[in-house]
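Here is the structure we will look at, set down as C-alpha cells.
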Amino acid sequence: MSEPQPGPDGRLRCPWSLGAPEYIEYHDTEWGQPLHGVDAMFERLCLEAFQSGLSWITILRKREAFRKAFAGFEIATVAAFTDADVARLLTDAGIVRNRAKIEACLHNARVVAALDEPLDELVWRFAPVSRARPHVTSVVPAVTPESTAMAKELKRRGFKFIGPTTAYALMQATGMVDDHLQECWVPARS
C-alpha cells in the first residue's frame, strides 16, 4: 500500500502511520515538522540510531523509558555517563539494550559537547531545497545525496552509528524534508 489511506477518523494519512495509535500520533504531530534545539536534535539522532534494524514502533513505545534512562537526552549529562551507566542501561528492560548503540549514544554526546557549532545548525545545513510532496510512498527515497553528505560529515566529526539511511530518517523526522504524501491531511510546511 503506497497511497494515502483513511485513518480511524476518516482523514487521509501516509499509509505507514496506520499500524498503531502511537504511529498516528507521531505522524500527525511530529514527523516532518521542523525541529530545532540541540538536546531535541540529539534525542532524535540517538533514537534513529537505536531504531536501526528494528521497527520504529518499538522505539516509539519505549521513548519515555529512553528519556528517563538517558536523562532527557541532556547532552552534558549523557556526555558524563560512565561505565557504571552503561551497565545500568544494559539492564534497563524499558529501552533497547544494545551495547554498541548505548555506547554510540554516549560517545555522540561527547562529540556534540565538543562541536564548534550547535548540532541542530550543523545537521540543518544539509536540508535539501524544498520539493513537492510525493504522491505515493514508493517514490520516497531511503538515501539522498544530502543524507549521504550529512552522514559523511558527522562521521568525519567523530559520530558513530550514523549512515546515509539513518541520516535520511533523521531528515524526515525533523522536518528537513517533507515526505508526507500530497493527499495526507497534515498541512504542508510553508
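Across segment 150-180, the qualifying residues are those that are of a type in the set (Val, Ile, Thr) and more than 17 Å from Pro34 (Cβ to Cβ), and the one among them that is surrounded by the fewest Cβ atoms within 10 Å (Cβ to Cβ) is Thr165. The set of residues in segment 96-125 being part of a loop (DSSP other than H, G, I, E, B) and either touching a strand residue (DSSP E or B) at 6+ places or on another chain (Cβ under 7 Å) or within 30 Å of Val86 (Cβ to Cβ) (or both) consists of Val96, Arg97, Asn98, Leu115, Asp116, Glu117, Pro118.
Of the helices (runs of 4 or more DSSP H) lying entirely inside segment 1-85, the ones with 3 or more residues being β-branched (Val, Ile, Thr) and under 30 Å from Ala114 (Cβ atoms) are found at 75-79. Is it fair to say Asp83 is closer than 16 Å to Ala69 by Cα and surrounded by fewer than 14 Cβ atoms within 10 Å (Cβ to Cβ)? Judged against the criteria, Asp83 is a match.
Based on this model, can you work out whether Ile24 counts as surrounded by 19 or more Cβ atoms within 10 Å (Cβ to Cβ) and modelled with pLDDT of 95 or more? Taking the combined requirement at face value, the residue does not satisfy it. Among the conditions (1) closer than 15 Å to Glu48 by Cβ; (2) without any contact (Cβ under 8 Å) to a residue 60 or more places away in the chain, the only one that Ala113 does not satisfy is (1).
Only one entry of Glu30, Glu74 meets the criterion of being of a type in the set (Asp, Glu), surrounded by fewer than 18 Cβ atoms within 10 Å (Cβ to Cβ) and either in contact with a His (Cβ under 6 Å, 6 or more places away or on another chain) or within 22 Å of Pro128 (Cβ to Cβ) (or both), and that entry is Glu30. Within segment 144-172, the residues that satisfy the criterion of being assigned to a helix (DSSP H, G or I), small (Gly, Ala, Ser) and without any contact (Cβ under 8 Å) to a residue 60 or more places away in the chain are Ser147, Ala149, Ala151, Ala167.
The values are calculated or read from the model by the stated rules, or taken from the named source; none is laboratory data. For clarity, every value in this text was computed on a predicted model and none was experimentally measured. Don't worry about glycine lacking a Cβ; one is built from the backbone with ideal geometry, like all the others, and counts go over all protein chains shown.
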